[in-house]
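Okay, structure first, notes after.
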Amino acid sequence: MFFRYPDDPFDRLWESDTLKKANYLVDVAAGTRKVSTKMPIAVNRDEMPPEKVMQTAVVGTNGSLTYRLNLDGFPGDGWAFTYLAEIEDLLPQESRKFRLVLPGNSDLSKAIVNIQENAQGKYRLYEPGYTNISLPFVLSFRFGRTSDSTKGPLLNAMEINKYLEINNGSPDGDVINNVVYLNPLADWAKEGGDPCLPVPWSWVQCNSDERPRITKISLSDKNLTGNIPSDLTKLSGLVELWLDGNSLTGSIPDFSGCPNLEIIHLENNQLTGQLPSYLGDLPNLRELHVQNNMLSGTVPSGLLNKNIELNYSGNINLHEGGGRAKKKSMIIGLSVGAAVLLIALIAAWIFMQRGKKKHSDQDKLQGALAVQKVVSGLSDATAEGAHYFTYSDIIEATKNFEKKIGSGGFGVVYYGKTKDDKEIAVKVLTSNSYQGKREFVNEVTLLSRIHHRNLVQFLGCCQEEGKSMLVYEYMHSGTLKEHLYGPLIQGRNTNWIQRLEIAEDAAKGIEYLHTGCVPAIIHRDLKTSNILLDKQMRAKVSDFGLSKIAADGASHVSSIVRGTVGYLDPEYYISQQLTDKSDVYSFGVILLELMSGQEAISNENFGINCRNIVQWAKLHIESGDIQGIIDPILGDEYDIQSMWKIAEKALMCVQAHGHMRPSISEVLKEVQDAISIEREAKATREGVSDDMSRTSAHSSLNTDMGGGADNFLSLGDSMARPTAR
């Protein structure tokens, strides 16, 4: 049995030593003892073993640990790492030193292991590596206690890798290169080389065959244009295809040559033509999303009769086919009855309205929802203070959905302007955004009672013509993400104090959700693309489509895991217990992005062995190299003390365990303190600039140092103990 861990940046498969016989892994053998700890382990090494792996170890109580490993794929050349961390509290007179004995190889570097000395303390990783060694099919070795050691050898984990000679790349290489032409200037299209080897491109996944085949393509929201390349149909190993949220045109090509396809997402594009009948014949298909395109014709009966997750809403000219004649009379009867009931309800509603002197927006929404309640089974929930937009209002404001300004997993956002020249953003929700209309009404009710200057204002909703739409105020300066990185950054550069003020605004919005709402609300999808900026560059938090309400006094909410990779709280991922500290983790990632100008996940920007901003920033901050992560765009227009304050608080936010993270209110205070430091430093700099002729070399030195040496020496004391991400 193998285990995988969400904080493992390389997604390795780890095998438990408790599941093997005694002569294979020694944990179950005589003379061994298993030890564990809940203390965080400092894992600031390139190999980054998961923290849970390092929190357990086996100890040789008789002075030795003997292993006999069957190595699949060997003999051959490779390299190995033994992961060691002292997790027992040794007395001052106690020591743990041991020697690696590898039969047939007596000349090993790092043969003597002293964990305390090499790791410079307990709860810290030491990883003696043995590279470029020839390993047999069966590897036998032993850790033996040295004569000057009082404790037996200890091993937390080990990793063995084999060198592979790449003679032939993936047979899918030529095919996938045609996808690059859909957007050749994008960063993801410039990775080059073989798509699977030595490591897969960031937007593909491959299997482990000797000549690996592509199994997944992930190009959601990548601004793709043109037709879907027909060569994709040659990827016989393809299992998942994600091309949603782009501007793809033309028809859906014939994927019948991809029998392994299980998931197809083509929603929120501009695809035309019919929904191909071959899709119903794909033997493994279990999920098909084509909503919000311009498809026409009828849905093939093979799809309708198939037990799959199917979504084709938002295609006005696409309808269900026949094959349901037996139920025709019942449908007609129900339709006539529903029509009579609907007319009676509308008449009664109009009569009631005539008796009122004021026709408020709230009444209009309640009335519309009341009609839908009887016809569609809605609840009594109503949205207080929200404006109900008719479908014709939406069509007129958006000029028939002319200008698309954003898209995501929950729908497409369009720009609009009402009759009174108020600019709005209309989010047309995908039909799978909610479990049903009841959930939509509940969401409207939730949104309508949230009012804060740092939350995007909810203006109203519409639920007509088979569409559910939410209407928000329009934010002129776009998303924080667009101002930090990406193709739109030109001319949008922000200075450090602006970034701090954006962080302050966002923290105030989240603080209101956590402490100002009763019951509290957990956002659970905080990210830079959900922080919007107005004309004055003031920030507001958006997108509560993923929000969760916490019951009064509850410490957590049980929830199916949702969120965005790179921002997702690993503790929430494992336990499925959502807390307000899950938002704090995401906010910590955003702070690191504000400091560095780097995105949360990247296969290019953090080095060959590092893929996410958390582990990359930790390596620099914990070693005192904060300059290594500061965005070059900021130049030297910042005070290093404010930068350190944010760095320390960001690392506390991304602690592995929620109880070790601060509250959002505590984070807000630190951000405000950093702003005060920055403003004072700016005033000092401007004062020095105005009177440069009287500035001595001595005072210039003091300004440069700024007490930095003392602050640096105290950094280790002020930071929480680091953990592996």
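Every read-out reported here was derived from the displayed coordinates using simple, explicitly stated rules and does not represent laboratory data. Treat the numbers as computed from the prediction; the structure is a model and nothing was measured. Note: ideal-geometry Cβ built from the backbone for every residue, glycine included; neighbour counts use all protein chains shown.
Computed values, structure above
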{"read-out": "10 Å-binned pair-distance histogram of the stretch 217-300 (Cα, whole percent)", "value": "19, 56, 25, 0"}
{"read-out": "Efficiency of FRET from Cβ geometry, Asn161 and Arg286, R₀ 41 Å, rounded to 0.05", "value": "0.75"}
{"read-out": "Cα centroid of the stretch 510-542 to Cα centroid of the stretch 34-65, whole Å", "value": "39 Å"}
{"read-out": "Cα→Cβ-extended label distance, 7 Å offset, between Asn495 and Glu309, nm", "value": "4.8 nm"}
{"read-out": "Fewest-first sequence of Phe440, Phe389 by Cβ atoms within 10 Å of each Cβ", "value": "Phe440, Phe389"}
{"read-out": "Förster-model FRET efficiency, 30 Å R0, Ala683 and His451, C-beta, rounded to 0.05", "value": "0.30"}
{"read-out": "Net length gained if the chain between Ser676 and Ile574 were fully extended (0.36 nm per residue, minus Cα distance)", "value": "32.9 nm"}
{"read-out": "FRET E, pair Cys517, Lys403, Förster distance 30 Å, beta-carbon r, rounded to 0.05", "value": "0.40"}
{"read-out": "Inter-label distance, nm, simple model (7 Å from Cα along the C-beta direction), His657/Ser147", "value": "4.2 nm"}
